Amino acid sequence: MELGFDYLLTLQTGGGAAVAGRADADPELAFVLLRLAEDIIWPVTAVGRETAPCADSFALDEVGCVLLSALRDWARHSPTTAAPGIARSILRFTANVIPDPDHPDTADTLEAMRDQRLILAHAVHSPPGAHR
């Protein structure tokens, strides 16, 4: 997870030249980024149980499914070229669909998401009775 967020933040702040060659060096990067895409896109687009379903909510759900399906196919068939594309898709989604009023910069939003996921990961992987 940290590897994926580091890649996203480096791409967001430094551009493509800053991440050049990373996907070649780590073929698993595309799958790490795909997992992040699922964690970021699915909760925003899935039909929730808290609101009354309507045509728009089902359309948004389907858009999320189609986007994630395309990203999965890309990662499966060409992981090296998929990594930068998946990362750019996450960045565009974050900037355009889930802008955070408390974090107007996309990099700030990504850092906040990374921090939240780190807290969850540490909680899940801490031994019982460990101090947090």
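The values are calculated or read from the model by the stated rules, or taken from the named source; none is laboratory data. Keep in mind that what you see is a predicted model, and the values were worked out from it rather than measured. Here the Cβ positions follow ideal geometry from the backbone for every residue, glycine too, while neighbour counts run over all protein chains shown. The protein model used for the area step is the full one, side chains on, heavy atoms only, and it has no ligands, DNA or RNA in it. Shrake-Rupley method; radii C 1.70, N 1.55, O 1.52, S 1.80 Å.
So the values come out like this:
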item: Accessible surface, the stretch 1-100, averaged per residue in Å² (probe 1.4 Å); result: 54
item: Gyration tensor (alpha-carbon) shape descriptor, the stretch 17-121, a/c threshold 1.5; result: oblate
item: Carbon and sulfur %, accessible surface of the stretch 1-95 computed with the full protein complex present, 1.4 Å; result: 57
item: Span-rule helices in the chain, defined as complete DSSP H runs reaching 20 Å or more along the axis (Cα) with Kyte mean at least -1.0; result: 29-45, 55-77, 79-96, 106-125
item: Relative contact order of the stretch 9-132, pairs being alpha-carbon contacts under 8 Å that are 6 or more residues apart, as %; result: 29
item: Segments 114-123, 61-70, 87-96 sorted - mean Cβ within 10 Å per residue, highest first; result: 87-96, 61-70, 114-123
item: Around LEU11: net Lys/Arg minus Asp/Glu count, Cβ-Cβ under 10 Å; result: +1
item: Charge context of SER69, other residues only, Cβ under 12 angstrom, K/R +1, D/E -1; result: -1
item: Sum of -39500 (n - 2.57) over DSSP H runs of 4+, divided by residues of the chain (222 nm, nearest 500); result: -24000 deg cm²/dmol
item: Using a Förster distance of 22 Å, the FRET efficiency for VAL44-THR81 (Cβ separation, nearest 0.05); result: 0.30
item: GNM flexibility winner over the chain from PRO79, PRO43, PRO101 (Cα, springs under 10 Å); result: PRO101
